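J.: There's a structure below that I have some questions on.
Every number here is computed from the coordinates shown, using simple stated rules; none is lab data. A quick note: this is a predicted structure, and the numbers were derived from the prediction, not measured. Glycine also receives a Cβ, built like all others from the backbone with ideal geometry; neighbour counts cover every protein chain displayed.
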Amino acid sequence: MGFRYSSPYTQVVLVAFICFCCPGMFNAINGLGAAGQADATAQDNAGTALAVTFTIFSLIGGAVYNIIGHYVIIPAAFTYVLYIGSYLTPNTGFTVFTGALLGVGAGFLWTAQGAIMMSYPREQDKGKYFATFWMIFNLGATIGGVVPLAKEWNNDTSSVSIVTYIVFMVIMSLGGLLAIALLPPRKVHHDDGTPVSIHRFSNWQREAIEAFKLFGDWRMLCLIPLFGGSNWFYTYQFNCYNGGGYFNIRARALNNVLYWLFQIIGAGIFGNFLDWKAAGSRPKRAWLGLITTVVSVMAVWGAALSVQLKYDRARGTFLKQSGNSALQQDVTGGAYAGELIIYALFGAVDAIYQGYCYWLMGALTNDTEKASRFGAFYKTIQNAFAAVAGQVDAHKVEYITELGISWGLCVVGCIFAIPVVNSVADTTEEIVTNVDGADELKVIGGRVESESGVPDKNLV
């Protein structure tokens, strides 16, 4: 069928463009290391504040989405603008405050995004929807990365210019305006007329109970290390490998562009692979996805170790504070090509790792309400770990130690995920309940089963 604004795919694409403008641009500036600043301290502390509030508001984000709906994305998007604007002032306290406020907005935005991306597609399209979202989202970071690359190509300092921050703020503002165009779930239908959601809005009491039930769900408990590792490694990649002093600002900017470009490539290939029926049944693809994730993690982190052995934190700090960029690795350096490829592959592996997390959660439910709670749990765990990672870096732990922790968490996460992977079925069957807790309908593979064979319109 042709273009239809109320189709699930169109709505996921729209969410992707919102994230293109807001989190995408945020990632572009953070990917420079130290948010483009010479000193990472303000970014580390703001990042910790962000992670703490992100953790808290992710936990309640699922409830807010199920009660208020997609409207929560609109104010959430504008918190990104304020955060980037804080870097135009020398006030570190204000930067930390806006980081905390951004955590609130990001918690709501990403929970809504997770609910939409995991529950809107049919089971056979979940990898495709992830690939589409992740590619557009990271296209934002890639294009956003070109801005500082162009501006800073001849910059001999260790921080980016004011104009760069202003450009990012304008693009982020556009994302906030785009959020107004989203449709509520009740108005989004599959091509056969089936609604993506059969729920009315929920209530606070029910959502509080359902949120805390997740901490008793053995599947979610097993996935905690996997979820935690997926945000922990950003601190090492951005602030230690790319922003640790080894590379000058021009090399950091080019590294950043390739990092996000390879996110697009990794998501496109891996997301479609997870839906590839020729690879076997869904349980088999779950195992193949896990194996691919493990092999990718081992390869790229092993390669990164060879680069990290060239400098420690003391050497990196000296290079940053020397004021002589000629002492740092430049794009013309002999070993730079290999070091650039490793950083680019960090991006591809991140797309694989997080793509697998989303696909695995999507294999556990097709229900919009449950998906929002799973997404909330995912972001809660991610950011609880990220808060700790930011403080580990702020306390000047050796770079190689941070590498080891990041690598180890990813491996442990994959091991603990095995029981959940083993539980993946070809088709998800679940009972959807209403606000009063009474059974409503049996849902098989995302399709509502009733005596008449059609959805009960009173529930839509």
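J.: For region 35-140, what Kirkwood radius comes out of the mean inverse Cα-Cα distance, in Å? Spell out each step's value before the answer.
T.: Working: mean 1/r = 0.0672 Å⁻¹.
Across region 35-140, the inverse of the average 1/r is 14.9 Å.
J.: In Å, what is the Rg of the alpha-carbon atoms in region 367-413, and how long is Dmax?
T.: When restricted to the Cα atoms of region 367-413, Rg and Dmax are 14.1, 44 Å.
J.: Now for a different question. Local charge sum around Tyr5 (other residues, Cβ-Cβ under 15 Å, Lys/Arg +1, Asp/Glu -1)?
T.: On the way: positive: Arg4, Arg186, Lys187; negative: Asp191.
Here the count lands on +2.
J.: Which of the peptides 205-213, 106-114, 404-412 is most tightly packed, and how do the rest follow, judged by the mean count of other Cβ atoms within 10 Å per residue?
T.: Most protected by this proxy first, the peptides run 106-114, 404-412, 205-213.
J.: Kirkwood hydrodynamic radius, computed over distinct alpha-carbon pairs, for region 263-390: how many Å, to one decimal?
T.: Details: mean 1/r = 0.0571 Å⁻¹.
Radius from the Kirkwood sum: 17.5 Å.
J.: Once you've got the Cα coordinates, tell me which of Lys187/Lys284; Lys310/Lys396; Lys126/Lys213 are over 28 Å apart.
T.: On the way: Lys187/Lys284 35 Å; Lys310/Lys396 18 Å; Lys126/Lys213 25 Å.
Violating the 28 Å limit, Cα to Cα: Lys187/Lys284.
J.: In square nanometres, what is one fourth of the surface area of the convex hull spanned by the alpha carbons of region 179-320? The partial results should precede the final answer.
T.: Numbers: hull surface 57.0 nm².
Result: 14.2 nm².
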